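Asks: Supplied in structure tokens, the structure appears directly below.
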Amino acid sequence: MVFLKGTVCLLCALALFSIFSLKVPRGDKAMNGLAGAAVTTFLVEALCGCIGGDLAGIGLMKEIGESAGSMGGVAAAALVPIAMGASPVFGVAAGAVAGGFGILPGFIAGYMTYWIYRGIKKILPNGVDVIIGAVVIAVASRLILVYTAPSVDYVLGVIGDSVMAATESTPLIMGLVLGGIMKMVCTSPLSSMALTAMLGLTGLPMGIASMACVGGAFSNGIVFHKLGVGNTGQVMAVMIEPLTQADLVTQNAVPLYMCNFFAGGLSGIIAVALGIVNNAPGTASPVPGLLAPFAFNDPITVLLAAGGAAAAGIICGLLGTGMLNRTGFYQSKRII
């Protein structure tokens, strides 16, 4: 029952996440801003605070990590409207008042203040809009944060706790399920960084997501190469960051997502077997997913997990494309 609850909660969160990204006006742009906020705060916290501070013993790096980690709400409230097209002045005005709030309340404030910004630009003349608009945006952002944070944090806490509890009770099964789903999200036009940041995943579940993204990166490269999709630069790009090749991914979704699920699932099982933990939420992407675990695990163990994930990705990519080529079920769609 714990496994079922965790899986259902994860799928519900993914469904809501997908609807927002694909159907809500400028939802995809907002999610890009949220992913950027996760990288600039949580990833910096992990690499500077944990590796540079805790492991290397550099006091300045520890201070940088702690400062960055406390700014998730600020970064989201500022970067989301900017990513959606707002002036940086208005984005910073929304983010400057978000201190002490989490990344998702900051995301909500940033998304809503963008539309307030649009109204201000239509009503007020240039020059005046900056002076009055900055104050209006700041006040609106703070009110949104204050009134939405309690309920939002509670709901996300329930979902995140359910996923983590399910991982503790049935780690190998959740390694397969969580790893497979997260890698599919990572390759899709959605953002696995944003999803894991919103859910606040840490520990083993975040370790599973990280290694899944690493393993799936190799399956993506194999699929592109074997099916003749894109040039060499595009093959490398889809391995490093799939969102950069969204057009090619969409055109070749069948083999990519099929190979992704199994590559991510096997990588998740490897992460469980080696006990990989990651306490930096929002780092579910190939490069951050490879780097962040070094802050919380023995380096040799991380290298073994990454090597195993890479092997799983290569094998799944070769088997998947080989099966499709033999059966003739799928013809690659290449965009020139």
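Asks: Go through (1) crowded, with 23+ Cβ neighbours inside 10 Å; (2) within 28 Å of GLY33 (Cα to Cα) one by one and return the number of the condition ALA271 breaks.
Replies: Result: ALA271 fails condition (2) only.
Asks: Name every residue in region 214-267 that is without any contact (Cβ under 8 Å) to a residue 60 or more places away in the chain, of a type outside the set (A, V, I, L, M, F, W, C), under 15 Å from CYS186 (Cα atoms) and open to solvent by 40 Å² or more (accessible area, probe 1.4 Å), in order of residue number.
Replies: GLU241, THR244 - these are the residues of region 214-267 that are without any contact (Cβ under 8 Å) to a residue 60 or more places away in the chain, of a type outside the set (A, V, I, L, M, F, W, C), under 15 Å from CYS186 (Cα atoms) and open to solvent by 40 Å² or more (accessible area, probe 1.4 Å).
Asks: Same structure again: Of all residues in region 12-53, which are free of Cβ contacts under 8 Å to residues at least 60 places away in the same chain and within 18 Å of the chain's Cα centre (by Cα)?
Replies: Once the filter is applied, which keeps residues that are free of Cβ contacts under 8 Å to residues at least 60 places away in the same chain and within 18 Å of the chain's Cα centre (by Cα), region 12-53 yields ALA15, LEU16, ILE19, PHE20, GLY27, LYS29, GLY36, THR40, VAL44.
Asks: Shifting gears a bit: Looking at VAL135, VAL130, VAL155 in this structure, which one is farther than 19 Å from THR283 by Cα and touching a Phe, Trp or Tyr at 6+ places or on another chain (Cβ under 9 Å)?
Replies: Exactly one of VAL135, VAL130, VAL155 is farther than 19 Å from THR283 by Cα and touching a Phe, Trp or Tyr at 6+ places or on another chain (Cβ under 9 Å), namely VAL130.
Asks: Are any residues in region 163-172 in contact with a helix residue (DSSP H, G or I) (Cβ under 6 Å, 6 or more places away or on another chain) and open to solvent by 10 Å² or more (accessible area, probe 1.4 Å), and if so, which ones?
Replies: Start the filter on region 163-172 by keeping residues that are in contact with a helix residue (DSSP H, G or I) (Cβ under 6 Å, 6 or more places away or on another chain), which leaves 163-167, 169-172.
Correct list: MET164, ALA165, SER169, THR170, PRO171, LEU172.
Rundown of residues vs (1) more than 26 Å from VAL136 (Cβ to Cβ); (2) out of contact with any Leu (no Cβ under 8 Å at 6 or more places or on another chain), yes/no style:
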residue	(1), (2)
GLY33	no, no
GLU45	yes, yes
ALA56	yes, yes
GLY73	no, no
ALA76	no, no
GLY85	no, yes
GLY91	no, no
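Asks: Taking region 54-83 as the region of interest, how many residues are out of contact with any Gly (no Cβ under 6 Å at 6 or more places or on another chain), surrounded by fewer than 24 Cβ atoms within 10 Å (Cβ to Cβ), free of Cβ contacts under 8 Å to residues at least 60 places away in the same chain and assigned to a helix (DSSP H, G or I)?
Replies: Final tally of qualifying residues: 7.
Asks: Now for a separate question. Yes or no: region 149-164 includes at least one residue that is modelled with pLDDT under 90 and not in a helix (DSSP H, G or I). If you could, list the steps in order and put the result at the bottom.
Replies: Of all residues in region 149-164, those modelled with pLDDT under 90 come to 149-164.
Narrowing the set further to residues that are not in a helix (DSSP H, G or I) leaves none.
Taking every residue of region 149-164 in turn, none turns out to be modelled with pLDDT under 90 and not in a helix (DSSP H, G or I).
Yes/no matrix, rows are residues, columns are (1) buried (at least 18 other Cβ atoms within 10 Å of the Cβ); (2) hydroxyl-bearing (Ser, Thr, Tyr); (3) not in a helix (DSSP H, G or I):
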{"position": "ALA93", "(1), (2), (3)": "yes, no, no"}
{"position": "ALA109", "(1), (2), (3)": "yes, no, no"}
{"position": "ILE116", "(1), (2), (3)": "yes, no, no"}
{"position": "LYS121", "(1), (2), (3)": "no, no, no"}
{"position": "PRO125", "(1), (2), (3)": "no, no, yes"}
{"position": "ILE131", "(1), (2), (3)": "no, no, no"}
{"position": "ALA134", "(1), (2), (3)": "yes, no, no"}
{"position": "SER141", "(1), (2), (3)": "yes, yes, no"}
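Yes/no matrix, rows are residues, columns are (1) surrounded by fewer than 21 Cβ atoms within 10 Å (Cβ to Cβ); (2) on the phi > 0 side of the Ramachandran plot; (3) over 22 Å from the mean Cα position of the chain (by Cα):
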position	(1), (2), (3)
LEU290	no, no, no
ASP298	yes, no, yes
ALA306	no, no, no
GLY313	no, no, no
THR321	no, no, yes
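The values are calculated or read from the model by the stated rules, or taken from the named source; none is laboratory data. Since the model is a prediction, treat every value here as computed from it, not as a measurement. Note: ideal-geometry Cβ built from the backbone for every residue, glycine included; neighbour counts use all protein chains shown. Each accessible area value is taken on the protein alone, full model and side chains, heavy atoms only, with ligands, DNA and RNA left out. Shrake-Rupley method; radii C 1.70, N 1.55, O 1.52, S 1.80 Å.
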